[in-house]
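**Q** Let me begin by handing over the structure; questions about it come next.
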Amino acid sequence: MAKKEKLKYCLWSYNKEEINDVMMALDKLGIESFRESHLHLKIHLLLVNKKNYDQTITFARENLDPKKIGMVNDYGVRRHLYAHSLVLATVKDDKKLDSGWEREGMQPPFIREMLNNLSHSCNCILKIRVNNNTHAIEIYANGKDEDYDETRDKIISYIYENMGDTFERASKCEDNGRLIKKDKTRKRDNVYHLFDRTFLASGMYNPGGNSIVPKTDEELLTKSGYISDSVNRGCQRQKQTIVLKTDEKIVINGVAELYEVKKYTHTWDAESQSKNEILPVESSLIDHIKYNTSIVFDKDVAKLTTNYTTNRDAIINRELAFGLTFPSEVSTRNAILPFPLKAGNYNGVIEEYFMRSTDGTKLLHFATHSPYFEIYDIPEDFDFVNNNLALNKASTVYDIRDYNPEEPELQSVRNIIDNNLKQLMLSNKDN
């Protein structure tokens, strides 16, 4: 009998006789196998020596009925006999990963859209499994086709071109779920770490987070109007492409859809300082953005110029009283898209800088139209393109209008603040 530690789960069935028949067939091939029954689950498992695992799966797919027998993947998960693992994609923010992504009815729009687009492109139905332990999803297909190499390539290309804001890495898998060791796993280009910290990206991905983007304070009710009870916002349908990359300049083109859905059940009366219940109303603000970000850099400075346009949709689900066209005058996107909350086409330009301190320990980031600046701690060998993981860590944000210039943490960038930030004509000082 094979040593216990060398055995591996391979096949499974609800019918014990089906497993017994497989055992006899494998015995004729010189493959020793064992049955393990789990009566409380009403399933029966087949184990073989690890070295015979792949051969047994191949035999099963060529000779057995997939309605009666299933396979067990490399990680011990029961699957359809023709289940083929294709790609493992690691999420950037594990807090956003949800087991509901596996079920079509619970999938967020961007995951559902990804699977629909890929299934159409690859001409096969693709599904996902969530692995919270590895902070990743596994994309797989059920089919008799054994050649999924082209499908794997299409999936990985799609993820890096369209889902860079969600996934940071994508790797090919063998059919049984095991990562392909010799595969040259693609990673999201490091330059995107720099882009993710830009004024535009911070406002798109995390408008309420720690950054130089001014925050919209909707809680300060200074005049009468509608009060939003809930806000659902996000960024989806993003696609990014590096269209130029040299030793001195990088250009990134991108598109994204930003959405903000608000629900209102009350209005605020500023004179009486009271809330009034109303017939519920819902508003949707959707921005279809196209942007071009040019990054010019040397060892110590990176200048970023972003030109963007947005096709804005502003929708409400019922007519409002008093001739109002939209229930709110503010949006969580106001800082990056300072335009009327009305349907239309708008455009703008964002200019910002990342500057290294004279002692090489700090990196200062500011935009020419924002009163805020932030500082990152960086290693001595930091560079803007290849070794910029320090940008993934939290920064310290300051307000140029109200900060202590004598603070010890600011001394290495004091000259940059005095010579650059204080000279800016900050156009949004009232934000």
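**Q** Could you identify the single residue in Val130, Val91, Val72 that is of a type in the set (Val, Ile, Thr) and in contact with a helix residue (DSSP H, G or I) (Cβ under 6 Å, 6 or more places away or on another chain)? Before you say what the answer is, go through the steps one by one.
**A** Details: Val91 fails: in contact with a helix residue (DSSP H, G or I) (Cβ under 6 Å, 6 or more places away or on another chain); Val72 fails: in contact with a helix residue (DSSP H, G or I) (Cβ under 6 Å, 6 or more places away or on another chain).
From the options Val130, Val91, Val72, the qualifying one is Val130.
**Q** Identify the residue in region 209-252 that is modelled with pLDDT of 90 or more and of a type in the set (Ser, Thr, Tyr) and, among all such residues, is least open to solvent (accessible area, probe 1.4 Å).
**A** Ser211
**Q** Taking only region 122-172 into account, find how many residues are closer than 29 Å to His193 by Cβ and part of a loop (DSSP other than H, G, I, E, B).
**A** Selection size over region 122-172: 8.
**Q** Continuing with the same structure: Determine which single condition Ser284 fails, assuming it passes every other condition in (1) over 28 Å from the mean Cα position of the chain (by Cα); (2) surrounded by fewer than 20 Cβ atoms within 10 Å (Cβ to Cβ); (3) more than 28 Å from Val385 (Cβ to Cβ).
**A** The failed condition is (1).
**Q** Counting only residues that are among the aliphatic types (A, V, I, L, M) and free of Cβ contacts under 8 Å to residues at least 60 places away in the same chain, which one in region 84-113 is nearest to Asn15 (Cα to Cα)?
**A** So, considering only residues that are among the aliphatic types (A, V, I, L, M) and free of Cβ contacts under 8 Å to residues at least 60 places away in the same chain, the one nearest to Asn15 (Cα to Cα) is Met106.
**Q** While we're looking at this one, here's another question. Scanning region 161-177 for residues that are open to solvent by 20 Å² or more (accessible area, probe 1.4 Å) and farther than 17 Å from Asn190 by Cα, which turns out modelled with the lowest pLDDT?
**A** Here the residue is Asp175.
**Q** Pick out the one residue from Asn276, Asn292 that is at pLDDT below 90, surrounded by fewer than 16 Cβ atoms within 10 Å (Cβ to Cβ) and among the polar types (S, T, N, Q).
**A** It is Asn276.
**Q** Hey, can you tell me all the residues within region 190-206 that are in a loop (DSSP other than H, G, I, E, B) and either at pLDDT below 85 or open to solvent by 40 Å² or more (accessible area, probe 1.4 Å) (or both)?
**A** Initial filter on region 190-206 (in a loop (DSSP other than H, G, I, E, B)): 190, 196-198, 206.
Asn190, Arg197, Asn206 - these are the residues of region 190-206 that are in a loop (DSSP other than H, G, I, E, B) and either at pLDDT below 85 or open to solvent by 40 Å² or more (accessible area, probe 1.4 Å) (or both).
**Q** Out of Ala394, Ala343, which single residue is exposed (fewer than 15 other Cβ atoms within 10 Å of the Cβ), touching an Asp or Glu at 6+ places or on another chain (Cβ under 8 Å), in contact (Cβ under 8 Å) with a residue 24 or more places away in the chain and among the small types (Gly, Ala, Ser)?
**A** Exactly one residue qualifies, and that residue is Ala343.
**Q** Additional query: Does any residue of region 417-430 turn out to be touching a Leu at 6+ places or on another chain (Cβ under 9 Å), modelled with pLDDT of 85 or more and either open to solvent by less than 40 Å² (accessible area, probe 1.4 Å) or farther than 25 Å from Asn334 by Cα (or both)?
**A** Pass one, region 417-430, residues touching a Leu at 6+ places or on another chain (Cβ under 9 Å): 417, 420-421.
Next, from what is left, pick out any that are modelled with pLDDT of 85 or more: 417.
In the following step, the residues that additionally are either open to solvent by less than 40 Å² (accessible area, probe 1.4 Å) or farther than 25 Å from Asn334 by Cα (or both) were identified as 417.
Yes, region 417-430 has at least one match.
**Q** Within region 236-255, how many residues turn out to be polar (S, T, N, Q) and within 16 Å of Tyr308 (Cα to Cα)?
**A** Counting residues in region 236-255 that are polar (S, T, N, Q) and within 16 Å of Tyr308 (Cα to Cα) gives 4.
Conditions (1) touching a strand residue (DSSP E or B) at 6+ places or on another chain (Cβ under 8 Å); (2) modelled with pLDDT under 90; (3) open to solvent by less than 70 Å² (accessible area, probe 1.4 Å); (4) assigned to a strand (DSSP E or B), marked per residue:
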{"position": "Asn20", "(1), (2), (3), (4)": "yes, no, yes, no"}
{"position": "Ala25", "(1), (2), (3), (4)": "no, no, yes, no"}
{"position": "Arg35", "(1), (2), (3), (4)": "yes, no, no, yes"}
{"position": "Leu45", "(1), (2), (3), (4)": "yes, no, yes, yes"}
{"position": "Tyr53", "(1), (2), (3), (4)": "yes, no, yes, no"}
{"position": "Lys67", "(1), (2), (3), (4)": "no, no, no, no"}
{"position": "Met71", "(1), (2), (3), (4)": "yes, no, yes, yes"}
{"position": "Thr90", "(1), (2), (3), (4)": "yes, yes, yes, yes"}
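**Q** Tell me yes or no: at least one residue of region 302-313 is in a strand (DSSP E or B) and closer than 28 Å to His266 by Cβ. Explain how you work it out, then say what you get.
**A** Taking region 302-313 as the starting set, the residues that turn out to be in a strand (DSSP E or B) are 302-313.
Narrowing the set further to residues that are closer than 28 Å to His266 by Cβ leaves 312-313.
Checked region 302-313: at least one residue is in a strand (DSSP E or B) and closer than 28 Å to His266 by Cβ.
**Q** Residues of region 298-335 being of a type in the set (Val, Ile, Thr) and either open to solvent by less than 60 Å² (accessible area, probe 1.4 Å) or at pLDDT 95 or above (or both), which ones? Lay out the reasoning, then the answer.
**A** Restricting attention to region 298-335, the residues satisfying the condition of being of a type in the set (Val, Ile, Thr) are 301, 305-306, 309-310, 315-316, 325, 330, 332.
Once the filter is applied, which keeps residues that are of a type in the set (Val, Ile, Thr) and either open to solvent by less than 60 Å² (accessible area, probe 1.4 Å) or at pLDDT 95 or above (or both), region 298-335 yields Val301, Thr305, Thr306, Thr309, Thr310, Ile316, Val330, Thr332.
**Q** Just wondering, is there one or more residues in region 318-332 that are aliphatic (A, V, I, L, M) and within 28 Å of Leu194 (Cα to Cα)?
**A** Within region 318-332, none of the residues are aliphatic (A, V, I, L, M) and within 28 Å of Leu194 (Cα to Cα).
**Q** Which residues, taken from region 376-391, are surrounded by fewer than 13 Cβ atoms within 10 Å (Cβ to Cβ) and free of Cβ contacts under 8 Å to residues at least 60 places away in the same chain?
**A** Pro379, Glu380, Asp381
The values are calculated or read from the model by the stated rules, or taken from the named source; none is laboratory data. Everything numeric here is computed off the predicted structure, so don't read it as measured data. Here the Cβ is made from the backbone with ideal geometry for all residues, glycine too, and neighbour counts use every protein chain on show. Areas reflect the complete protein model, heavy atoms only, side chains present, ligands, DNA and RNA absent. Shrake-Rupley method; radii C 1.70, N 1.55, O 1.52, S 1.80 Å.
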